[in-house]
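Okay, structure first, notes after.
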Amino acid sequence: MEDNYLTHGKGLGSWLTTRDHKRIAVMYLFSVLTFFLLGGIFALLLRLELASPGKTIMNADTYNKVFTYHGAIMVFMVIIPAIPAVMGNFILPLMLGARDVAFPRLNLASYYIYLAGALVAASALFLRGADTGWTFYTPYSIRTNTTATIVLAGAFIMGFSSVLTGLNFIVSIHKLRAPGLSWSRLPLFLWSLYATSIIQVLATPVLAITLLLLIFERLFRTGIFDPALGGDPVLFQHFFWFYSHPAVYIMILPAMGVVSEVIPVFSRKPIFGYKAIAYSSFGIALVAFLVWGHHLFVSGQSELANFVFSLLTMLVAVPTGVKVFSWVATMYKGKIRLKTPMLYAFGFLQLFTIGGLTGVFLATLAINVHVTDTYFVVAHFHYVMVGGAIMSLMAGLHYWFPKFWGRMYPERSGRITFALLISGFNLTFFPQFILGSRGMPRRYWDYLPEFTVLNRVSTVGSWLLAAGFFYAAFYLYRAMRHGERAPANPWEANTLEWQTPSPPPHDNFPEIPVVTTWPYEYREKGFFPQGMVP
Amino acid sequence: MMSADVSDRAVTAAASHEHESPFAGPDEAFEAAKQGMWIFLVTEVLMFGGLFVAYGIFRGLHADMFQEAHRYLAVSLGGTNTVVLILSSLTMALGVGATQRGQRDRALLFFGLTLLLASCFLLVKYFEYSHKFHEGLLPGGYFRNEHLKHPKAPLFFSLYFVMTGLHLVHVLVGMGLIAWLLKRTVARQFGPHYYTPVELVGFYWHFVDMVWIYLFPLLYLVG
């Protein structure tokens, strides 16, 4: 039997104690998918409850808990680790031409910290749950008699995992680039992971202290966020969003990185605006820290602050627009190969553009006051987080599938699933824009009868989405076991991960490769791998 | 953790089927470990930063309360602890230097002294806290001191306990790390060629010291 990372070391023990970044990535993958299933089931239950006005399957208190679980699971346990910890862990050292990340043991520790935090948070499900929403706004989160403290503790623990992964990636990119891999030859996925890591490292500690203070509110009545004890609940919102707004970019920046890899490979053209795409990731990371106040437009923030935050928020559209423009320009006159990863990149462009543009609507003060806390906001961030991050996760899962497992996924099934997901997604969330603009509030268990039709459409859409994801799980699992054997470089791509066998050997490369060119040299006469393994 | 990574691999790489080090050599590994530690300290600054922001906001809103409440802290004890911690930073630095020059006994002495000074800090803190508990100078909802009448005063003690408490946790972690250094120094695992963990724990200890240098004037000397 050939020696690769999957066969190197046998038995469960060799997996649980591994320091191999590829195996850690696989463990993250299965953990994240498990929580994705859980969060998805909660989403389906929510949509089912909203299929008709009044009580359908659960009472209002249960509904409050279910939307809290859905949000908390999807944000903290799925989308934040999905692309950095799964794709990043697997691909980053390979793209660098390195044997592993800088601190392999710390990497394994990050995984266990994530798992511990996720299990602590999930244990609340078996106690009295939590009904605060994933945002934990005070003073309600101080008063609720559910087990919110446990969920807070779980999120607090998971934060450390995110910080340590970010730290590991930053040091790896600085210190482990293969000979010849200068910054200007770095693949764009790594640029976006670098920007993501900076946000993880700088923002997450602020979440940690915020959650800790909230836990102290509940345990020791410290009162810093509690108006009844002289504290300030709006201060909680400032603290929370100082992390949680940048966290949105933790979700979307790596997604943009995946798209930046997929589009040139399947357009057979050099990427347009390499530097613009690379630097705009840092533009987004920088502005990310200056816009949190747009979550507080109706929380009693001063008008001057509202004005400044509104303006700064609109600035996010500039680096984002630079990226979208560059991707489209890359495809222009390219020889486009419509494989599944490319289809998902198209899906990303469609959904993310809608999500991003409605973000500009929301940044506009006059519109924001009208649609605050309505389904318009819900639709907006699902277009960004699901339409952007999850579409891109699917793109990455298919693009790197041959590298992960050494086998090909079935192309036809991939296309069918894409059709199911893109139509299901639009059917679920587009009606929510209309519902929100007509005034249906978010997080309500009940609604006026005139909203019934659009809610039904949305619920039917959620079933299509579920069908798509279940089908994907089915054929990907089968392909992982029995798919056709994959060559080292099935997509004729240039980055270093494709210059080593699929699946890669334990040490990634027989010899450390030497890099001689940038990664996007796709020409009519062929493609030019970034480096060769001697 | 990251520091141990490097050392363990040097010992076990040949024996196990783990990767060989991802680094070209020990110097690169050392540089990477230092960079990792600096980034970690940045995250620590941001975590304490949240508390300093909360402090700043409430100080701005209720300056008179801070003026009144800070008199209930013992400046002499806080001052003693400031001196103790600064001294411990000195002994730590001397210990790191001794390790780098291969003077093992000297290193043991200075790490031991650092641990002793840290214990002094804990002892003083213990007396301070028990006095506060006795006087009812407690956080938020548990405040029950009768002399301090300012309605917002409980917030001051919330901030006092959270800020010094989180710092105390860091002192305890630091003591654990220094004890670990002592154990490994006894086992002759450090020397002029390999002292990454010593250097990194040193960074950490100076950081813990620095946080206190901000906490002391902000809490004890605000008047």
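On the given criteria, is A:PHE282 assigned to a helix (DSSP H, G or I), in contact (Cβ under 8 Å) with a residue 24 or more places away in the chain and of a type in the set (Phe, Trp, Tyr)? Show your work before the answer.
Numbers: assigned to a helix (DSSP H, G or I): yes; in contact (Cβ under 8 Å) with a residue 24 or more places away in the chain: yes; of a type in the set (Phe, Trp, Tyr): yes.
Judged against the criteria, A:PHE282 is a match.
Could you list, in sequence order, the residues of the range A:1-41 that are of a type in the set (Ser, Thr, Tyr) and either out of contact with any helix residue (DSSP H, G or I) (no Cβ under 7 Å at 6 or more places or on another chain) or over 25 Å from A:ALA486 (Cβ atoms) (or both)?
If the condition is that a residue be of a type in the set (Ser, Thr, Tyr) and either out of contact with any helix residue (DSSP H, G or I) (no Cβ under 7 Å at 6 or more places or on another chain) or over 25 Å from A:ALA486 (Cβ atoms) (or both), then A:THR7, A:SER14, A:THR17, A:THR34 are the ones that fit.
Give A:LEU420, A:LEU435, A:LEU448 a once-over and let me know the one that is open to solvent by 20 Å² or more (accessible area, probe 1.4 Å), closer than 30 Å to A:GLU49 by Cβ, touching a Leu at 6+ places or on another chain (Cβ under 6 Å) and touching a residue at least 12 places away in the same chain (Cβ under 8 Å).
Just one listed residue meets the conditions, A:LEU420.
If I filter the range B:34-76 down to residues being of a type in the set (Gly, Ala, Ser) and within 13 Å of chain A (Cβ to nearest Cβ), which single residue comes out as farthest from B:LYS125 (Cα to Cα)? Outline the logic, then answer.
So the first thing to find is which residues in the range B:34-76 are of a type in the set (Gly, Ala, Ser), and the list is B:36, B:49-50, B:54, B:56, B:60, B:63, B:69, B:74, B:76.
Narrowing the set further to residues that are within 13 Å of chain A (Cβ to nearest Cβ) leaves B:36, B:49-50, B:54, B:56, B:60, B:69.
Values: B:GLY36: 31, B:GLY49: 22, B:GLY50: 23, B:ALA54: 23, B:GLY56: 24, B:GLY60: 27, B:ALA69: 18 Å.
Residue satisfying both the conditions and the ranking: B:GLY36.
Among the residues of the range B:164-181, is there at least one that is in a loop (DSSP other than H, G, I, E, B) and over 29 Å from B:ALA29 (Cβ atoms)?
The initial filter retains those residues of the range B:164-181 that are in a loop (DSSP other than H, G, I, E, B), namely none.
The answer is no; no qualifying residue exists.
Out of A:ARG218, A:ARG268, report the one residue that is closer than 23 Å to B:GLY165 by Cα, of a type in the set (D, E, K, R) and either more than 8 Å from chain B (Cβ to nearest Cβ) or without any contact (Cβ under 8 Å) to a residue 60 or more places away in the chain (or both). Full working, then the answer.
Numbers: A:ARG268 fails: closer than 23 Å to B:GLY165 by Cα.
Just one listed residue meets the conditions, A:ARG218.
What helices (runs of 4 or more DSSP H) lie completely within the range A:11-115 and have 2 or more residues being free of Cβ contacts under 8 Å to residues at least 60 places away in the same chain and surrounded by fewer than 24 Cβ atoms within 10 Å (Cβ to Cβ)? Walk me through it before giving the result.
Working: elements: A:11-16, A:21-49, A:60-72, A:89-96.
By residue number, A:11-16, A:21-49, A:60-72.
So A:THR7 clears everything in (1) part of a helix (DSSP H, G or I); (2) open to solvent by 10 Å² or more (accessible area, probe 1.4 Å) except one condition, right? Which one?
Against the list (1) part of a helix (DSSP H, G or I); (2) open to solvent by 10 Å² or more (accessible area, probe 1.4 Å), A:THR7 comes up short only on (1).
Do we find a residue being part of a loop (DSSP other than H, G, I, E, B) and surrounded by 14 or more Cβ atoms within 10 Å (Cβ to Cβ) anywhere in the range A:460-476? Spell out how you get there, then give the answer.
Here is the first cut: in the range A:460-476, the residues part of a loop (DSSP other than H, G, I, E, B) are none.
No.
For A:LEU176, which of the numbered conditions (1) within 8 Å of another protein chain (Cβ to nearest Cβ); (2) within 30 Å of B:TYR160 (Cβ to Cβ); (3) surrounded by fewer than 24 Cβ atoms within 10 Å (Cβ to Cβ) fails to hold?
Here A:LEU176 clears every test but (2).
Looking at the structure I just gave you, is A:THR459 hydroxyl-bearing (Ser, Thr, Tyr) and closer than 21 Å to A:PHE42 by Cα?
yes
Those residues that are in contact with a Lys or Arg (Cβ under 8 Å, 6 or more places away or on another chain), within 13 Å of chain A (Cβ to nearest Cβ) and at pLDDT below 90, I need them from the range B:128-170; list them, please.
B:LEU138, B:PRO139, B:GLY140, B:GLY141, B:TYR142
Can you report the number of residues in the range A:500-518 which are open to solvent by 40 Å² or more (accessible area, probe 1.4 Å) and away from chain B (no Cβ under 14 Å)? Break it down stepwise before answering.
To start, the set of residues in the range A:500-518 that are open to solvent by 40 Å² or more (accessible area, probe 1.4 Å) comprises A:501, A:507, A:510-512, A:514, A:516, A:518.
When the remaining residues are screened for being away from chain B (no Cβ under 14 Å), the result is A:501, A:516, A:518.
So the answer is 3.
Which of the residues belonging to the range A:61-114 are closer than 18 Å to A:VAL378 by Cβ and charged (D, E, K, R)?
A:LYS65 - this is the single residue of the range A:61-114 that is closer than 18 Å to A:VAL378 by Cβ and charged (D, E, K, R).
Right, A:GLY223: within 14 Å of chain B (Cβ to nearest Cβ), in a loop (DSSP other than H, G, I, E, B) and of a type outside the set (Ser, Thr, Tyr) or not? Don't jump to the end; show me each part of the working.
Numbers: within 14 Å of chain B (Cβ to nearest Cβ): yes; in a loop (DSSP other than H, G, I, E, B): yes; of a type outside the set (Ser, Thr, Tyr): yes.
Considered against the rule, which asks whether it is within 14 Å of chain B (Cβ to nearest Cβ), in a loop (DSSP other than H, G, I, E, B) and of a type outside the set (Ser, Thr, Tyr), A:GLY223 comes out as yes.
Select from the range A:217-227 the residues that are closer than 14 Å to B:PRO139 by Cβ and open to solvent by 40 Å² or more (accessible area, probe 1.4 Å) and list them in ascending order.
Step one: list which residues in the range A:217-227 are closer than 14 Å to B:PRO139 by Cβ, which gives A:217-226.
Listed by number, the residues that qualify are A:ARG218, A:LEU219, A:PHE220, A:ARG221.
The values are calculated or read from the model by the stated rules, or taken from the named source; none is laboratory data. No experiment lies behind these values; they were computed from the predicted model shown. Heads up, the Cβs are rebuilt from the backbone with ideal geometry, glycines too, and the neighbour counts pull from every protein chain shown. Protein only, heavy atoms only, side chains kept; ligands, DNA and RNA dropped before computing areas. Shrake-Rupley method; radii C 1.70, N 1.55, O 1.52, S 1.80 Å.
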